[in-house]
Structures are given as structure tokens and as C-alpha cells.
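Presented below is the structure to which this report refers.
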Amino acid sequence: MTMQKAVALAHLRVAYEPDDEDDDELVSIPAPPAFPPQLLPVPSAWWATPAVTSRPLSPVPEEARTARQFVRELLTCWGLGYLTDDAELIVAELVVNAVRHGLRAAPHCRTPGSFAPSVLRLCLLRRVGEIMLAVTDPSDEAPVPRTPDWNGESGRGLQIVGALSYVWGWSPIEGHGKAVWAVLRCS
């Protein structure tokens, strides 16, 4: 089984089966390299399931602050405060990238659908042993890590996401763009 299929199966199971704290059958997935991002094809409605905690985001880079605060409060509420520093950095990078690149690259016309009441959304999923952080945007283009300029101030965001997360990647959302996500392991 390929890494992509193993990750997809593990995360699809989350969307369609109830969370069972007594589940002794955990799938161990080795961490792939940070680049390139992993493609995780999931049903488009997966991001709107009750298992996913989400909130709309305004399409401005300053919204990264609101997203960080939301993540900090939610992880603290879940008893996972020790993950907040990494989670906040990851979410901030994903939000800024969605605003800078996801909105700019989005087609002007979208097929009407039931998923996206907001152009951008922050999504968090808690599972036994992991937290998935995701930001959705209307662009169909895959995230592309860039080599940063030594004297430039951009190009490091996805490198930070890759360095801090166990695995990261993206999922197309049919008719609504994509979700760029990162997984943090809980110890």
C-alpha cells in the first residue's frame, strides 16, 4: 500500500466511523519527507462532517491572528495545549498562503454547492493520536513549495509547515477549491 493510500484510508475512516477511544487498532504510518505535499483525495463533503470543527475566515492576511487564537483556545479546551505553538505557526502559514495564493488563483465563477458558505475556512479534526489542521480556499491549484531567497521575506511558509508537521498535503474539494492540511501527532 502506498503512503498516499494509507493516509487517505486512515483519514477517511475518521469521517465515516465514530471515534472510539477504546479502539486498539491504530495504523502506524511512517512520516514521508516534507516535500512535495501529499495529495489526499477525500470526498468533498468530508470537510463539512460533524467530526470537523471549523470556522469561516475573512480573506485578509490579518485573519491569521484570529485563526491562531481559535486554534490555541480549541487545543487548550481539548487538553492539548502543548501542541499550540506548532499548531499556531502551521495555521498562520496556511491562512496567509490561502489569502495570497488561493484567492488570487481562484476562478471567478464557481459551481453552486452546499459546502462553502465562506470563501476561506479553518478546519480542525481531533483523532486518537493526531490533530489535523486545514485551511480551505477556492483555488484548484496544488500548493507548491518554493525555494526562498536568502534575503527575501517569503517562500518559507510551506517549509515551516513541513518541518513542524508529521505529514502535510492537500485535498481537492470538487467545485470549491482545495484544503491544505497538516497533521500533528499527539503523544
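So here's what we get for this one:
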read-out: Any hit, region 66-74, residues being in contact with a Leu (Cβ under 9 Å, 6 or more places away or on another chain), assigned to a helix (DSSP H, G or I), aromatic (F, W, Y) and at pLDDT 95 or above; value: yes
read-out: Among the residues listed as A116, A87, the single one being at pLDDT 95 or above and either surrounded by 21 or more Cβ atoms within 10 Å (Cβ to Cβ) or in contact with a Gly (Cβ under 9 Å, 6 or more places away or on another chain) (or both); value: A87
read-out: Subset of region 121-141 [farther than 18 Å from A64 by Cα and of a type in the set (K, R)]; value: R126, R127
read-out: Complete set of residues in region 32-65 that are closer than 19 Å to V167 by Cβ, among the aliphatic types (A, V, I, L, M) and in a loop (DSSP other than H, G, I, E, B); value: A34, L40, V42, A51
read-out: Scope region 130-149; condition of a type in the set (D, E, K, R), assigned to a loop (DSSP other than H, G, I, E, B) and farther than 15 Å from E174 by Cβ; matching residues; value: R146, D149
read-out: Check on Q38, of a type in the set (S, T, N, Q), surrounded by 14 or more Cβ atoms within 10 Å (Cβ to Cβ), closer than 24 Å to D137 by Cα and at pLDDT 50 or above; value: yes
read-out: Answer residue from region 150-167, given it is at pLDDT below 90 and assigned to a loop (DSSP other than H, G, I, E, B) and is nearest to T84 (Cα to Cα) among those; value: R156
read-out: Residue list for region 55-73, restricted to those being more than 26 Å from D140 (Cβ to Cβ), buried (at least 16 other Cβ atoms within 10 Å of the Cβ) and over 15 Å from the mean Cα position of the chain (by Cα); value: R72
read-out: Selected residue (criterion: farthest from the chain's Cα centre (by Cα)) from residues of region 161-187 that are of a type outside the set (D, E, K, R) and farther than 14 Å from L133 by Cα; value: S187
read-out: Subset of region 168-187 [in a loop (DSSP other than H, G, I, E, B) and not charged (D, E, K, R)]; value: G175, H176, C186, S187
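The values are calculated or read from the model by the stated rules, or taken from the named source; none is laboratory data. All of these numbers come straight from a predicted model, not from anything done at the bench. Neighbour counts are summed over all protein chains in view; Cβ atoms, including those assigned to glycine, are modelled from backbone coordinates with ideal geometry.
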